[in-house]
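All remarks here apply to the structure that follows.
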């Protein structure tokens, strides 16, 4: 039975318990873990490590590098146990977030395409141990990943030792869905020969010298994913705005009927907006994205998507039950790549993607905050949104116009943290409408964003700010004393809303 | 004599005066001009147009798209005459700046690699007329550019009509230095096959159907470039810091002895820092940059640079006199490419450039403002700095630690405009020292930037801000009420310096 999954004879002798593997991890080490958006993450060894440290009470810290976020029951327990010194490049876990924001855990928030490059260049130090989840190990001893590829290839390549978590719960049908291409070092690199979303460039398993694999741990547990928030009335309206815009682009001859390969960021809003394609007229769609969420599989089921390329498959628990047991039926229309390839500027720009990502807040000039609540507290991280927005044919950001029951406006005078600058943001979509910022100067953008995207409750305040700023002049007019006044008001009064905003607006007027 | 330059018989019949050509430009048109960093710009026709409009007093506005900045006597007089409605993607002219900041001229500040892509996709409207400076027109009627390529290829391709300014003052020796490669439309594009700085991919002249060329104007005037500020003691020290850092990278095995292809942004500081390589041990250097300034030619003369690829040659008036008459001797070590190729993420990342660009201000977390004085007034534009910083192996920003006689600190709590986010900035260099931010969390970066890069006069204030912010917590601690207080103080009091900063710092202490 196990031989079907662990096909190399030598490695069959290296089976160990998670507890034993965990003893190999020493204080001060840097560990590279498989896992991307909670999919295909190393599970048993990190948890055994936490148990060991808890029991021994030893003073213990390691650096943890991953693909992106990993399961809550891995990131969360490691954070809680206080064993992480440095963590990169992305996370999305409550307990970890709390340690990050208290300054106890050093968090480096990176573009997801950058990590492999920096590891390869030696700019992030040496990787001591890579722990990679596998659905199988081949005759040669090569590692077949599970539901994500993430940074596993570069971790395995650069690590001194590798631990494989062979996960019997992940369906063997996953084998063959991966396409693992090694770009090679900068300066000695050939063009990446990818010109279509369905093209295959590399191997199906991660090559690794046998002697580098120190142990194989057998596990039997599916990814711990979160339930996804279902599309609601507002996200449905946002999807309508977006689809109407794309329809207009097709009509204007700027997009073909089948659009261009689509990317959608992680999260419920982006997933819900993507969901809108289900009832649209568009067919033969292509996806070139990082994470493939529920909506992608709904669209595959509906025959709307021709082919989807991603770096991970992150499904709600319910959708997991439908997809994984029937994976064979999806396999010929799917490929999973290393995040360096799924998020590579070279490919994103060549294919001319339509990139749809979620904003936390947007300012009147089109700068986007994707990460920091009130400018200071980390939410999750920038993820791949910058890789995509900067290089896409259309860099689209979606957000509901208000949050927290209307006390927070997602459209503000000045974003409290900038992840995407005005130079990288083409389109803003809220449930209120859409702003097409291409070819517009900052003042034109401001009028459009305020009138089309902001919530009506906040428009008078926004107009008043913009008007006062324009009286001072400048390419990007601001009243610096008031630029963050909305955030400060929220912190003090629990709302960004001014008391007499409507009257103020009438008095001031808009030019 | 003219036949040597204008080799096509049909086109020899289309000679016109600048005045006549200017009559073809109608109110409301979009005009694409050759020119990049004041080099190879269309000169006579735009000026004749300004004269015409001044004389007639007609109500007249056009959109002007260029490569980057064009000569002051073109951008300046057009701005002064008020004939520009919309201008992109870069400028560096005093009179134009003033119109931009008053809101009279709509300025779109773009990544220099993005403009061609957006023109090709139709996202910036149609180009009515392209006006391109040429050193020669071939037998087929193809256009040989002069000292820059810029966006000329895409303007010629997409324009309804083309006017050629055949410039007899530009040396014919320039012919052959250009390499004009067409990437083709997104989604139907092959990889750009460039894997070395000296590789040639395309043609030496811009192909254009004969019938598209409406007229040829003969001109006889060199580029109007500005004198460059010579390296001073502070830029020399900055160069020393940078070179010591690169030496360390070589020692650590992260860079080869010949480093990696170098890029340097436009401007005196970047040029001066580049100049520092003259006295360094490094040889066989390669340059893959947008603008090739004086320092590149000094380094070519000194045998330090093996090969330089750029998009324009912008020399001080003095250096022009040395280089242009002797251009043959440089030609085999030079190539000029379209800015879409010189600044293409695909190439920048593949080659793994070392990118050196100038910052206007930097904040304690490593965000960079390249464009806006006090957050509102446009200086020049982002230019190619974003193309390079994001995709380079090392994204380096240089700035003197103070400006305006010490009343402005270039290191501030929160930059008043963000062009490059914390995710894209690897290294900060001032005359005070260097901060290597790779792999560091925001709080670590802040300490390093304050202690290594800030001017000693401002360190106590910066420490006090950071300390107060840390007491509030967060991944990127800030005191939003005070984030822009330095800029506000400068606007009110003419200095960012607090009166009792040193005492304050001693009281607060630094953790």
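Between copies, how far apart are the residue A:184 label points? List them in nm, one decimal, shortest first, with each point 7 Å from Cα toward Cβ, please?
In ascending order, 2.2 nm.
Show me the ranking of peptides B:389-399, B:244-254 by mean Cβ neighbours inside 10 Å, starting with the highest. Write out the running numbers ahead of the final one.
On the way: B:389-399: 26.9, B:244-254: 14.1.
Output ranking for B:389-399, B:244-254: B:389-399, B:244-254.
For all pairs of alpha-carbon atoms in the stretch B:123-181, what percent lies in each bin of width 5 Å, listed from the first bin to the last filled one?
4, 19, 29, 26, 13, 6, 3, 0
Using only Cα atoms, locate the centre of the stretch B:267-334 and the centre of the stretch A:13-79, then give the distance between them in Å, rounded to an integer.
51
Hey, can you rank A:20-27, A:161-168 by average C-beta count inside 10 Å, highest first?
Numbers: A:20-27: 16.6, A:161-168: 24.0.
Put in order of decreasing packing, that is A:161-168, A:20-27.
Classify the stretch A:84-142 as rounded, prolate or oblate from the Cα gyration tensor: take a ≥ b ≥ c as the square roots of its eigenvalues, call it rounded if a/c is under 1.5, otherwise prolate when a/b beats b/c and oblate if not. Present the calculation step by step, with values, prior to reporting the outcome.
Working: a/c = 2.47, a/b = 1.65, b/c = 1.49.
Verdict is prolate for the stretch A:84-142.
Using only alpha-carbon positions, what ratio does the radius of gyration of chain B give when scaled by 2.2 N^0.38 Å?
Numbers: Rg = 23.6 Å, N = 511, 2.2 N^0.38 = 23.5 Å.
Normalised by 2.2 N^0.38 Å, the Cα Rg of chain B equals 1.00.
Give me the three principal axis extents of the stretch A:309-460 from the C-alpha atoms, as integers in angstrom, largest value leading.
So the three principal-axis extents are 54, 36, 28 Å.
Debye calculation, C-alpha points only, no solvent: report log10 I(q)/I(0) for the stretch B:172-301 at q = 0.10 Å⁻¹, in the same order as the q values.
The computed values of log10 I(q)/I(0) come out as -0.51.
Can you bin every Cα-Cα distance in the protein assembly as shown into 20 Å intervals starting at zero and give me the percent of pairs per bin, rounded to whole numbers?
Per 20 Å bin, starting at zero, the Cα-Cα P(r) for the protein assembly as shown comes out as 13, 45, 35, 7, 0 percent.
Apply the a/c threshold of 1.5 to the C-alpha gyration tensor of the stretch A:181-228 and tell me whether it is rounded, prolate or oblate. Intermediate results must be reported in sequence, preceding the final value.
On the way: a/c = 2.74, a/b = 1.34, b/c = 2.04.
Here the stretch A:181-228 falls in the oblate category.
Peptides A:103-110, B:97-104: what's the order by average Cβ count within 10 Å, highest mean first?
Numbers: A:103-110: 21.5, B:97-104: 18.1.
In decreasing order of mean packing, A:103-110, B:97-104 become A:103-110, B:97-104.
For residue B:20, which inter-copy label distances result when the label point lies 7 Å beyond Cα on the Cα-to-Cβ vector, reported in nm to one decimal and in ascending order?
Here the equivalent label points are 9.1 nm apart from this one.
What's the FRET efficiency of residue B:26 with residue B:190 using the Cβ-Cβ distance as r and R₀ = 45 Å, to the nearest 0.05? The partial results should precede the final answer.
On the way: r = 38 Å, r/R0 = 0.84.
After rounding, the FRET efficiency stands at 0.75.
If you line up the long axis of helix A:44-56 against the longest principal axis of chain A, both from Cα atoms, how many degrees apart are they, to the nearest 10?
Around 90 degrees separate the two axes.
Quantify how strongly other chains surround peptide B:178-187 by giving the mean number of their Cβ atoms within 10 Å of each of its Cβ atoms. Before the final figure, lay out each step's value.
Details: counts 0, 0, 0, 0, 0, 2, 1, 2, 10, 14.
Going residue by residue through B:178-187 and averaging, the value is 3.
Roughly how tilted is helix A:72-81, in degrees to the nearest 10 and between 0 and 90, from the longest Cα axis of chain A?
90
If you look at just the Cα atoms of the stretch B:99-221, how large are its Rg and its Dmax in Å?
Expressed in Å, the Cα Rg and Dmax of the stretch B:99-221 come to 15.8, 47.
Mind checking A:483-490 for the average number of partner chain beta-carbons within 10 Å of each residue's beta-carbon?
Details: counts 8, 8, 2, 1, 4, 4, 0, 0.
Counting Cβ atoms of other protein chains within 10 Å of each residue's Cβ and averaging gives 3.
How many angstrom lie between the C-alpha centres of the stretch A:181-228 and the stretch A:442-496?
First find each Cα centre; the distance between them is then 46 Å.
Please compute the length gained on full extension between residue B:54 and residue B:467, using 0.36 nm multiplied by the number of residues separating them and subtracting their Cα-Cα distance.
On the way: separation 413, 0.36 × 413 = 148.68 nm, distance 5.81 nm.
Value of the extension gain: 142.9 nm.
Put a label point 7 Å from Cα along the Cβ direction on residue A:471, then list its distances to the equivalent points in the other copies in nm, shortest first.
Nearest first, the other copies' label points are 3.6 nm away.
If one takes the longest principal axis of the Cα atoms in chain B, at what angle in degrees, from 0 to 90 and to the nearest 10, does the Cα axis of helix B:459-472 lie?
80
If you average the sequence gap of Cα pairs under 8 Å that are 6 or more apart and divide by the length of chain B, what percent do you get for the contact order?
Details: 1191 pairs, mean separation 67.1, N = 511.
Averaging sequence separation for qualifying contacts and normalising by length gives 13 percent for chain B.
If R0 is 22 Å, what FRET efficiency do you get for residue A:211 and residue A:172 from their C-beta distance, rounded to 0.05? Working shown, then result.
Working: r = 26 Å, r/R0 = 1.19.
My answer for the efficiency is 0.25.
Please average, across the residues of B:106-112, the number of beta carbons from any other chain that are within 10 Å of each residue's own beta carbon, and give a whole number.
On the way: counts 7, 4, 10, 7, 3, 4, 0.
For this peptide, the per-residue mean of nearby foreign Cβ atoms is 5.
Per residue of the protein assembly as shown, what 222 nm ellipticity follows from adding -39500 (n - 2.57) for every DSSP H run with n ≥ 4, rounded to the nearest 500?
On the way: 37 runs with 318 residues, N = 1022.
Computed ellipticity for the protein assembly as shown at 222 nm equals -8500 deg cm²/dmol.
What spacing in nm lies between the two simple spin-label points modelled at residue A:10 and residue A:230, each 7 Å away from Cα in the Cβ direction?
Rounded to a tenth, the inter-label distance reads 5.3 nm.
Fully extended, how many nm does the chain gain between residue A:493 and residue A:329 (0.36 nm per residue separation, minus their Cα-Cα distance)? Write down the numbers at each step before the final one.
Values: separation 164, 0.36 × 164 = 59.04 nm, distance 5.38 nm.
Residue separation times 0.36 nm, minus the Cα-Cα distance, leaves 53.7 nm.
We did not get these values from a lab; they are worked out from the coordinates using the rules stated. Please read all numbers here as calculations on a predicted model, not as lab measurements. As a convention, Cβ positions derive from the backbone with ideal geometry for all residues, glycine included, and neighbour counts pool all protein chains shown.
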